[in-house]
1. Tell me which residues, restricted to the range 85-97, are in contact (Cβ under 8 Å) with a residue 60 or more places away in the chain and out of contact with any Asp or Glu (no Cβ under 6 Å at 6 or more places or on another chain).
2. Provide a single number: the residues in the range 104-144 that are closer than 30 Å to ALA63 by Cβ and either in contact with a Phe, Trp or Tyr (Cβ under 7 Å, 6 or more places away or on another chain) or outside the structural domain of VAL160 (by TED's automatic domain parsing) (or both).
3. Quick test of your reading of the structure: GLY79 fulfils all but one of (1) of a type in the set (Gly, Ala, Ser); (2) buried (at least 22 other Cβ atoms within 10 Å of the Cβ); (3) more than 20 Å from PHE188 (Cβ to Cβ). Name the failing condition by number.
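The values are calculated or read from the model by the stated rules, or taken from the named source; none is laboratory data. Quick caveat, the model's predicted, so the values are computed rather than measured. Ideal geometry is used to build each Cβ from the backbone, glycine not excepted, and the neighbour counts take in all protein chains shown.
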Amino acid sequence: MWRIAVVPRPRRARPTVGPSLGWLAGLLERPLRSILWRFPRPIQASIPLATHPDLPPGSYCAAARGHPLHGPYHDQEYGFPRTDDAELFERLVLEINQAGLSWATILAKRGNFRAAYDGFAVDTVARYGDVDRARLLSDAGIVRNRLKVDAAIHNAGVVVEMRETFGSFAAWLDAHHPRERHDWVKLFRSRFRFTGGEITGEFLISLGYLPGAHMPDCPAYERVLAARPPWTRG
């Protein structure tokens with residue numbers, strides 16, 4: 001993903017559409033940069049864009065195919081629903097750390113993140129203190145940004161609180177679904193740290209709470225539908 005200067009589309013009510021057109025509604029609600037951001041410029045030049053004749057050249061669905069980092073994530077995770085707290089927390093932490101960087105960079109460091117954050121065990125991360133914070137800020141294998149590290153620790157504590165009321169992070173998300181993208185952003189900003197519009201939007205799209213992860217001609221699209229992500233259930 002690379003950042004480009006664009007003006008986000010004005011907010012609008014999402015049209016009532018079925019699963020077959022839901023992807024289009026999702027794309028219309030997203031700034032152009034969020035569609036291209038998954039695909040950094042240095043990698044773009046090295047991936048054969050015509051790997052799938054039915055997919056538009058330059059789309060993430062076309063570009064990710066066959067790539068050692070983007071390919072597995074696109075084919076097996078992007079847009080598929082998840083319910084495990086550790087997986088959801090990991091996705092949130094990775095999306096936060098991606099801000100200002102390419103998604104390929106984050107995927108390449110994913111193993112390091114898992115090791116540094118104790119496998120994204122929410123209760124463990126929520127108990128991190130000054131020693132762990134210093135350890136993370138000195139770990140060259142992850143993103144050493146104080147605001148992002150502090151956000152991860154704080155957000156782990158938020159998920160722990162959600163468990164006490166809702167039972168799990170996924171149950172909290174389900175309890176607030178469906179809602180418009182800008183309402184999700186307001187909700188996340190009221191609870192979590194470092195969760196602006198792009199981070200919140202990509203987090204929700206990547207887990208199927210908002211549509212738009214795959215184009216209908218993408219081979220992964222039907223598999224995502226079969227997994228019944230929340231956006232298909234209204």
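1. We begin by selecting, within the range 85-97, every residue in contact (Cβ under 8 Å) with a residue 60 or more places away in the chain; these are 85, 88-89, 91-93, 95-96.
Once the filter is applied, which keeps residues that are in contact (Cβ under 8 Å) with a residue 60 or more places away in the chain and out of contact with any Asp or Glu (no Cβ under 6 Å at 6 or more places or on another chain), the range 85-97 yields ASP85, LEU88, PHE89, ARG91, LEU92, VAL93, ILE96.
2. Counting residues in the range 104-144 that are closer than 30 Å to ALA63 by Cβ and either in contact with a Phe, Trp or Tyr (Cβ under 7 Å, 6 or more places away or on another chain) or outside the structural domain of VAL160 (by TED's automatic domain parsing) (or both) gives 4.
3. Of (1) of a type in the set (Gly, Ala, Ser); (2) buried (at least 22 other Cβ atoms within 10 Å of the Cβ); (3) more than 20 Å from PHE188 (Cβ to Cβ), only one is false for GLY79: (3).
Matching residues to (1) assigned to a helix (DSSP H, G or I); (2) touching a strand residue (DSSP E or B) at 6+ places or on another chain (Cβ under 6 Å); (3) in contact (Cβ under 8 Å) with a residue 12 or more places away in the chain; (4) farther than 21 Å from VAL159 by Cα:
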position: ARG193; (1), (2), (3), (4): no, no, yes, no
position: GLU198; (1), (2), (3), (4): yes, no, yes, no
position: GLY201; (1), (2), (3), (4): yes, no, yes, no
position: ILE205; (1), (2), (3), (4): yes, no, yes, no
position: LEU210; (1), (2), (3), (4): no, no, yes, no
position: ALA220; (1), (2), (3), (4): yes, no, yes, yes
position: LEU225; (1), (2), (3), (4): yes, no, yes, yes
position: TRP231; (1), (2), (3), (4): yes, no, yes, yes
